[in-house]
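The structure appears below as C-alpha cells.
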C-alpha cells in the first residue's frame, strides 16, 4: 500500500515544526540544525539556519512580480528574483553569494546560476512535482516546483499551508 510506504518514510525522519498565529511555519528543528523563517506577509524573505556545529547560514529571498504581474496575485509563482546566502563560517567574504533562478513556462524553477553565470543546481519535474535534483549541492536551493519551498527532510512542498506531498497527495500533520 503506497500510503503506508509514504507514512513510514515520513516518520523515519525526525524533525519538528512550529507555526505562528497565522499558520506560517516559523521554525523547523532537525538533529543537525534549527531553521528560523521570516515573512513579509506570506512571502518568505529570510531563513536563518543555525547548525549544531556552531555555524550559521542566512538566506535572503528577494521577490518581484509573479505570473499575475503583481506581488502575490499568483501566490508567488515565478516571482523569485534571486536569493543571497551568507555563511558565518566564512566571515572574511565581503559579500553574500548570489543565485538567480531560471524558470520553465509553468513557473517552476529549473535551476540556479551563481553570480559568475555557472549553473549551481538544476531540477527536472514530473507532472505532479516529483523532483530530480542535480549539481554540487542542490539541497541548498529549496525554492523549486511552482516556486514553493521544498522541505528536504520530509520530501514535501511548503505552500504557505500544511505541507503537501506531490507523490501521495497527502497532507503532513502539524
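Okay, residues lined up against (1) in a loop (DSSP other than H, G, I, E, B); (2) farther than 15 Å from residue 147 by Cβ; (3) without any contact (Cβ under 8 Å) to a residue 40 or more places away in the chain:
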position	(1), (2), (3)
31	yes, yes, yes
36	no, yes, yes
45	no, no, yes
50	no, yes, yes
53	yes, yes, yes
57	no, yes, yes
60	no, yes, yes
67	yes, no, no
70	yes, no, yes
Query raised in the report: In the list 64, 76, which residue meets the criterion of being surrounded by 16 or more Cβ atoms within 10 Å (Cβ to Cβ), at pLDDT below 95 and within 21 Å of residue 121 (Cβ to Cβ)?
Result: 76
Report summary line: Filtering region 40-60 down to residues that are modelled with pLDDT of 90 or more and out of contact with any strand residue (DSSP E or B) (no Cβ under 6 Å at 6 or more places or on another chain) yields 40, 52, 53, 54, 55
Requested in this report: Would you please name the residue that is nearest to residue 46 (Cα to Cα), looking only at residues in region 141-160 that are at pLDDT 90 or above and more than 8 Å from the chain's Cα centre (by Cα)?
Outcome: 147
Report task. Of all residues in region 132-161, count the ones that are crowded, with 18+ Cβ neighbours inside 10 Å and in a strand (DSSP E or B). Result -> 7
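The values are calculated or read from the model by the stated rules, or taken from the named source; none is laboratory data. These numbers were taken from a predicted model, which means no experiment stands behind them. Note: ideal-geometry Cβ built from the backbone for every residue, glycine included; neighbour counts use all protein chains shown.
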